[in-house]
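The values are calculated or read from the model by the stated rules, or taken from the named source; none is laboratory data. Because the structure is predicted, anything quoted here is derived from the model rather than measured. Please note: Cβ atoms are built from the backbone with ideal geometry, for glycine as well, and neighbour counts cover all protein chains shown. Remember, those area values only see protein heavy atoms, side chains included, never the ligands or the DNA or RNA. Shrake-Rupley method; radii C 1.70, N 1.55, O 1.52, S 1.80 Å.
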Amino acid sequence: MFARSCNNVYMIKSTSKTNASNLPIGIFDSGVGGLSIAKAVSEQLPKENFIYVADSNYAPYGCSTIDKVKERSFRITQWLVDQNVKAIVVACNTATVNAIEELRKEFDLPIVGVEPAIKPAAQASINKSIGIFTTKATAENQRFKALVEQHKGNSEINIQPCPGLVELVESGEYDSIQAEELLKKYLLPLEEKNIDKLVLGCTHYPFLSEQINKLTQNSIELVETATPVTKQLKRRLSECGILSTISKAGVNRFYSTKANSELEITMQALWKGEIKLSPLPV
Ligand code: DGL
């Protein structure tokens with residue numbers, strides 16, 4: 001549908017711009033974590049329609065191989081493009097660092113990714129020591145390591161992979177004893193480094209914010225990316241002249257590779273609202 005012009009503005013071939021403006025945005029994650037991004041989109045761009053995909057059958061991406069994460073990202077993006085979306089948000093740090101460059105080469109529409117907010121955290125750190133909670137796959141990724149080097153400034157960056165947390169959020173156990181125990185274990189080495197900012201480098205982790213704040217007694221500021229990502233999405237849609245022009249609230253649809261009632265209940269609790277979950281056929 002889109003052809004990229006030389007100045008990187010997207011021209012609509014077969015749909016008029018007004019019609020394209022009101023097409024949905026595709027948002028995907030390995031599971032329910034991307035709802036933290038979708039929530040910001042629905043609050044800050046309320047007229048946008050979106051299709052959310054939770055690839056829960058294949059979660060966690062953070063313990064998967066690079067090839068698998070790429071393959072799933074390509075399949076889902078292709079499906080979303082087939083649904084005629086006007087833009088894609090890769091609402092997953094792990095898929096962003098592993099697949100976004102290739103997705104952008106392959107698919108000719110705006111694709112916005114999620115990257116941990118290292119730069120603002122490092123700049124704002126009084127102690128010049130920050131922590132990053134990430135998945136294992138993100139922690140090992142070269143693009144992520146380059147991002148750390150690029151933005152660390154004169155702050156010490158302490159990367160903490162957090163296996164197990166995604167699974168607990170996926171199963172709705174984010175307020176459990178197990179979550180508390182794991183969080184304590186992952187916070188301890190960072191507290192020893194006297195961090196004053198903790199970057200949440202996985203979109204599942206904002207759903208653990210309350211528990212983290214309780215454990216640290218609010219002594220460490222949590223830094224997440226939902227608002228900057230939504231701003232970037234708005235910028236890209238505006239550049240392409242495809243911001244929604246509808247006058248009422250957008251329609252949101254939710255799909256998953258594991259569309260069962262348990263997941264639907266978990267998603268409703270995280271979304272704090274009604275969600276009707278449909279099976280994703282890819
Ligand atoms: N929520 C994702 C992220 O931001 C993926 C987590 C996972 O599936 O391991 O990295």
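Please label the shape of the range 75-162 as rounded, prolate or oblate, based on the square roots a ≥ b ≥ c of the eigenvalues of the alpha-carbon gyration tensor (a/c under 1.5 means rounded; beyond that, a/b larger than b/c means prolate, else oblate).
Details: a/c = 2.91, a/b = 2.38, b/c = 1.22.
Note, shape of the range 75-162 comes out prolate.
For the range 105-144, with every protein chain kept in place, what is the accessible area per residue (1.4 Å probe, Å²)? Could the numbers behind the result be given before it?
On the way: 1610 Å² over 40 residues.
Ligands and nucleic acids excluded, the result is 40 Å² per residue.
Gyration tensor analysis over the Cα atoms of the range 95-135 returns equivalent ellipsoid semi-axes of 30, 11, 6 Å (largest first, whole Å). Apolar share of the accessible surface for the range 161-244: 49 percent from carbon plus sulfur atoms, 1.4 Å probe. Taking the Cα atoms of the range 41-190, the ratio Rg/Rh between the radius of gyration and the Kirkwood radius comes to 0.99. When only alpha carbons are used to place a centre, the range 192-257 and the range 97-160 end up 14 Å from one another.
Quick check for me: using +1 on Lys/Arg Cβ and -1 on Asp/Glu Cβ, what's the dipole size of the range 21-169 about its Cα centre, in debye to the nearest 20?
Numbers: 15 positive and 16 negative charges, 54 e Å.
The dipole of the range 21-169 has a size of about 260 debye.
Pairs of C-alpha atoms in the chain farther apart than 28 Å represent 34 percent of all such pairs. Rounded to whole numbers, the Karplus 3J(HN,Hα) couplings from phi for the range 127-132 are 6, 6, 8, 10, x, 10 Hz, using 6.51 cos²θ - 1.76 cosθ + 1.60 with θ = phi - 60°, and x at Gly and Pro. Dividing the convex hull volume of the alpha-carbon atoms in the range 218-263 by its residue count gives 186 Å³ per residue. Distant-in-sequence amide contacts of Leu222, defined by a placed amide H-H separation under 5 Å and a gap of 5 or more residues or a different chain, comprise Leu198.
Using the Cβ of Pro161 as centre and a radius below 9 Å, the other residues enclosed give a net charge of 0, where K and R count +1 and D and E count -1.
If you take every DSSP beta bridge fully contained in the chain, what fraction is antiparallel? Give it as a percent rounded to 5.
Looking only at bridges with both residues in the chain, the antiparallel portion is about 10 percent.
Remark: the range 154-282 is approximated by an ellipsoid whose semi-axes, taken from the C-alpha gyration tensor as √(5λ), come to 31, 23, 12 Å, largest first. Database remark: amide H of Asn252 closer than 5 angstrom to the amide H of Phe50 (H placed geometrically; neighbours at sequence offset of 5 or more, or on other chains; Pro and chain starts carry no H).
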